Structures are given as structure tokens and as C-alpha cells.
Amino acid sequence: MARRRRLLVAATLAVALCTGYLSATIGHRLDHGSSWWHGADAESRTEGLRTEVRFAFNPGGQVTFGATIRNPRPWPVTITGIAVNDGPADQHVFKIARLAANHAADESTAVRFDPATAAPFRSIMLGAGRELPVLVTITMPDVEMASGSGLYFEDLAVDYDVLGLPRHQRVPMGFRLLVHSPNGYVPR
């Protein structure tokens with residue numbers, strides 16, 4: 001009887017541990033951070049709750065913007081990849097030309113965007129409550145644009161590991177990035 005009881009307690013603990021692990025890892029979500037950045041080649045405006053960063057459409061041209069990714073949960077994560085699109089590669093509108101990050105030199109929580117000192121992105125551990133500032137340079141597509149139209153996105157596709165489990169999530173940037181064509185464009 002005592003052996004059966006110990007086996008039942010051990011099985012109950014194993015199920016509880018597995019359930020807790022899955023709950024902690026599957027429920028772990030990243031969020032946009034406290035700041036964002038753009039160079040002088042863009043303008044930003046806020047209407048109501050939406051902030052928009054607007055770049056002029058220049059087919060084949062490149063623009064750089066910055067966004068922070070925040071880990072609001074109690075477990076550290078390892079960010080292993082960041083993309084603008086997370087669908088099939090042949091359907092991507094924007095291509096990432098450069099992905100860089102400004103890593104904190106100490107344990108401060110100050111977020112800074114400095115394109116001159118940003119290091120190429122590599123896998124990085126992001127502690128609980130911490131933010132990672134990333135600088136993304138995208139190449140604009142050479143596509144037909146109607147007058148007054150634009151292309152936009154509002155999140156980054158992030159791959160990360162939490163407690164050893166790989167995860168993929170579309171993380172909001174906290175703003176909408178718009179590539180705007182006021183006069184339209186037809187590829188030659």
C-alpha cells in the first residue's frame with residue numbers, strides 16, 4: 001500500500017511539473033519595448049493611439065529603424081532570430097539588409113539606439129523585465145505603387161527559446177512603419 005501511494009504521489013508530481021513547464025513556456029510572450037527610433041529620412045506622427053513612422057517610397061532603396069523587444073515575464077529568453085516577414089521567403093515584401101543590436105554594457109535598463117556602435121545581431125539572452133534595442137535596415141521592393149498608396153507592417157517575427165523550448169511570435173513594434181508613395185510608381 002505504501003509503495004502504491006509513493007508511486008501515485010510521484011506520478012502526480014511528474015504531471016504537475018510537466019503541466020507547469022508547458023504552461024510557463026507556451027504562455028511566455030514577448031512585447032514591444034518602451035522606445036523606438038528612426039533617422040532623419042522619416043517622419044513620425046501620432047493620431048489617437050496609433051503612432052506611424054513614415055518613409056518615402058524609393059524602389060530598391062534602404063531605410064533603417066529601431067524597435068525594442070521586451071521580455072515582461074519572469075523567465076529569461078534567448079532571442080535566436082528576428083525577421084520582418086515570417087511567411088515563405090518568396091512572398092516577403094521587405095528584405096532585411098542588416099540586423100543589428102545595441103547591447104547594454106552593464107545591467108542598466110537604459111535603452112539606446114546608436115547605429116554607429118550597433119553590433120550585428122547574434123543570439124542573445126534577454127533577462128526578465130529587460131529590453132533589447134534592435135536596428136533593422138530593410139530594402140524597399142521594386143513594385144508598382146498607386147498614387148497615395150503605401151506598404152506597412154507593425155510587428156517583427158521573433159524566434160526565441162524559453163526554458164529550452166523554441167518559440168516563434170509576432171512581436172508588436174509599438175508603431176506602424178509605412179513606406180508611402182505620394183505620386184505612384186510603375187517599375188520599368
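The values are calculated or read from the model by the stated rules, or taken from the named source; none is laboratory data. Quick caveat, the model's predicted, so the values are computed rather than measured. In this analysis, Cβ positions are derived from the backbone assuming ideal geometry, glycine residues included, and neighbour counts consider all displayed protein chains. Keep in mind that these areas ignore ligands, DNA and RNA; they rest on the heavy atoms of the full protein, side chains included. Shrake-Rupley method; radii C 1.70, N 1.55, O 1.52, S 1.80 Å.
Go through Thr51, Thr46, Thr80 for me and flag whichever is of a type in the set (S, T, N, Q) and either under 25 Å from Leu163 (Cβ atoms) or modelled with pLDDT under 85 (or both). So that I can check it myself, show each step before the final result.
Details: Thr51 fails: either under 25 Å from Leu163 (Cβ atoms) or modelled with pLDDT under 85 (or both); Thr46 fails: either under 25 Å from Leu163 (Cβ atoms) or modelled with pLDDT under 85 (or both).
Among Thr51, Thr46, Thr80, only Thr80 is of a type in the set (S, T, N, Q) and either under 25 Å from Leu163 (Cβ atoms) or modelled with pLDDT under 85 (or both).
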Looking at (1) in contact (Cβ under 8 Å) with a residue 40 or more places away in the chain; (2) of a type in the set (Lys, Arg); (3) open to solvent by 90 Å² or more (accessible area, probe 1.4 Å), find the lone condition where Arg122 falls short. (1)
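To keep it simple, each residue is scored yes or no on (1) assigned to a strand (DSSP E or B); (2) at pLDDT 95 or above.
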residue: Met125; (1), (2): yes, no
residue: Ala128; (1), (2): no, no
residue: Pro133; (1), (2): yes, no
residue: Asp142; (1), (2): no, no
residue: Ser147; (1), (2): no, no
residue: Gly150; (1), (2): yes, no
residue: Glu154; (1), (2): yes, no
residue: Tyr160; (1), (2): yes, yes
residue: Gly174; (1), (2): yes, no
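Considering each of Asp86, Asp142 in turn, give the residue that is farther than 19 Å from Glu52 by Cα, under 18 Å from the mean Cα position of the chain (by Cα), open to solvent by 20 Å² or more (accessible area, probe 1.4 Å) and touching a residue at least 60 places away in the same chain (Cβ under 8 Å). Even if it seems obvious, please write down each step before you answer.
Working: Asp142 fails: under 18 Å from the mean Cα position of the chain (by Cα).
Exactly one residue qualifies, and that residue is Asp86.
Quick one: is Val63 at pLDDT 75 or above and touching a Leu at 6+ places or on another chain (Cβ under 6 Å)? Don't jump to the end; show me each part of the working.
Numbers: at pLDDT 75 or above: yes; touching a Leu at 6+ places or on another chain (Cβ under 6 Å): no.
Answer is no for this residue.
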Look through Arg170, Arg188 and report the one residue that is open to solvent by 40 Å² or more (accessible area, probe 1.4 Å), farther than 17 Å from Arg50 by Cα and more than 19 Å from the chain's Cα centre (by Cα). Arg188
On the given criteria, is Asp31 acidic (Asp, Glu), touching a Pro at 6+ places or on another chain (Cβ under 7 Å) and modelled with pLDDT of 90 or more? yes
